[in-house]
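Notes follow once the structure below has been shown.
Coordinate-derived values only; no laboratory data. Not measured: the values here are computed from a predicted model. Here Cβ is always computed from backbone atoms with ideal geometry, including for glycine, and neighbour counts include all displayed protein chains.
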């Protein structure tokens, strides 16, 4: 579940080679990429690729638990998948629409009239993030109470306490509150808990044995904790799963995810008409789905982030190829992991990443700490050091480690951030996603 709107832009090269690809897929090279990332402490997680619904590659790296003993992850290890949960919730909503029990023009006041503008907000607005409902995960105090259990009434009260960010259908703005409420509406209509609905209407139908509504992490069920790499892997706090609900509470495996998305796109779960609506993109978002550009091709799917978990799921409708990556520890960008895996799959030129670190001294590190602001974007970034490593922190956001890659140059690879300092001027340039922003002390 994202606390900020995250758009994954995956630009790939594609050549239709046909069904012979699976037979010649270089699994050893894919393994080499993942094992290199694990060896260098750049990633922990699980990758799966499927053709026509059949998993042809599945591999896990890293650990599901670090203390008191290390427990190696395997292909059945389960991860919190964050906002990929929204694809499951949207699928269940469209099943109701297909059955005539709900429609896109149904207004929210029929279920939760206390939400601001409820009489004007439709199910369609919520599915497409055009409702104007404020996302509670954007609030500064969310990081404080996210670990505390909440009842449905408490979550509705939290969402209802905020005014609308904009009038319904005026624009698109990602909001987790939309899908929490949609999850509650599913329970209201079916008169069952979300997990029971998920199991009977998706998991049983498609043979998903490792997908369910999560709870407190249970290592005895082969569930994974999440970690962040600072100077070593550090266990992250757990969001109480009563909070994200239909927006981000599902636990799954990469192998189950590729099976799910294939079933969705091949008519096993919703009608063709409903799938078309889910795929229709307005201002970058569909209805419980995202679209990624791929030369003249399109990838449909969703990304997810919750605690220290990051995940991404994509599907090529024409080729019936699915790929999923679930991570419980991210340093190297998950987009780049997918780029590498697909380059191997489609037999495209691919060079293994090279990780070289610049040996920065404690004296050099002392040049950088301070609070920096920019005239280009309204955020302050605090730079600190422990005399061994450098760290950054945006206002109201978690601390992130910065790895020295050259003199005065530091990277936070998982977010694609490069920071280039000019210490004599007391400034740095932050580069991310093609943008360049100057910050000064």
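Overall size of the range 294-337 from C-alpha positions, given as principal axis extents largest first: 33, 15, 11 Å. Per-residue extension of 0.36 nm, minus the Cα-Cα distance of residue 41 and residue 382, leaves a gain of 120.3 nm for this segment. Note on the range 91-203: percent of Cα-Cα distances in each 5 Å bin, starting at 0 and stopping at the bin with the largest distance, equals 2, 12, 22, 24, 19, 14, 6, 1, 0. Full extension of the segment from residue 437 to residue 395, taken as 0.36 nm per residue of separation minus the current Cα-Cα distance, would add 13.5 nm. Based on the reciprocal of the average 1/r between different C-alpha atoms, the Kirkwood radius for the chain equals 22.6 Å.
Inter-label distance, residue 167 to residue 354: 5.8 nm, where each label sits 7 Å from its Cα along the C-beta direction.
Taking only the C-alpha atoms of the range 268-341, Rg followed by Dmax gives 13.3, 40 Å.
Over the Cα atoms of the range 271-430, the radius of gyration divided by the Kirkwood radius equals 1.06; this is the Rg/Rh ratio. Using the rule -39500 (n - 2.57) for each DSSP H run of four or more residues, divided by the residues of the chain, the 222 nm mean residue ellipticity is -6500 deg cm²/dmol. Remark: the range 23-148 is approximated by an ellipsoid whose semi-axes, taken from the C-alpha gyration tensor as √(5λ), come to 40, 23, 12 Å, largest first.
Using a Gaussian network model of the chain in which every pair of alpha carbons under 10 angstrom is joined by a spring, one finds that among 232, 85, 46 the greatest mean-square fluctuation is at 232. Under a plain spin-label model, where a point goes 7 Å from the Cα along Cα-to-Cβ, how far apart in nm are residue 268 and residue 54? In this crude spin-label approximation the distance works out to 1.4 nm.
Springs join every pair of Cα atoms under 10 Å in this Gaussian network model of the chain, and among 167, 375, 75 the largest mean-square fluctuation is at 375. So what is log10(I(q)/I(0)) for the range 362-440 at q = 0.13, 0.14, 0.23, 0.28 1/Å, when the Debye sum runs over its Cα atoms only? Scattering profile of the range 362-440, log10 relative to I(0): -0.33, -0.39, -1.16, -1.82. Just to be sure I understand: of the beta bridges DSSP finds with both ends in the chain, what percent are antiparallel, rounded to 5? Restricted to the chain, the bridges split so that about 95 percent are antiparallel. Computed from the Cβ-Cβ distance with R0 of 41 Å, the FRET efficiency linking residue 417 to residue 103 stands at 0.45. The ranking of 332, 112 by Cβ neighbour count inside 10 Å, starting from the fewest, reads 112, 332.
Net length available on complete extension from residue 27 to residue 406 is 133.1 nm, with 0.36 nm assigned per residue and the Cα-Cα distance removed. Taking other C-beta atoms within 10 angstrom as a stand-in for reagent exposure, 208, 313 fall in the order 208, 313, fewest first. For residue 153 and residue 375, what does the FRET efficiency come to when R0 = 45 Å and r is the distance between their Cβ atoms, rounded to the nearest 0.05? That pair, residue 153 with residue 375, gives E of 0.55.
Taking 170, 249, 30 as the candidate residues, the one with maximal mean-square fluctuation in a Gaussian network model of the chain, Cα springs under 10 Å, is 170. Only beta bridges with both residues in the range 266-397 are counted; by DSSP, about 95 percent of them are antiparallel.
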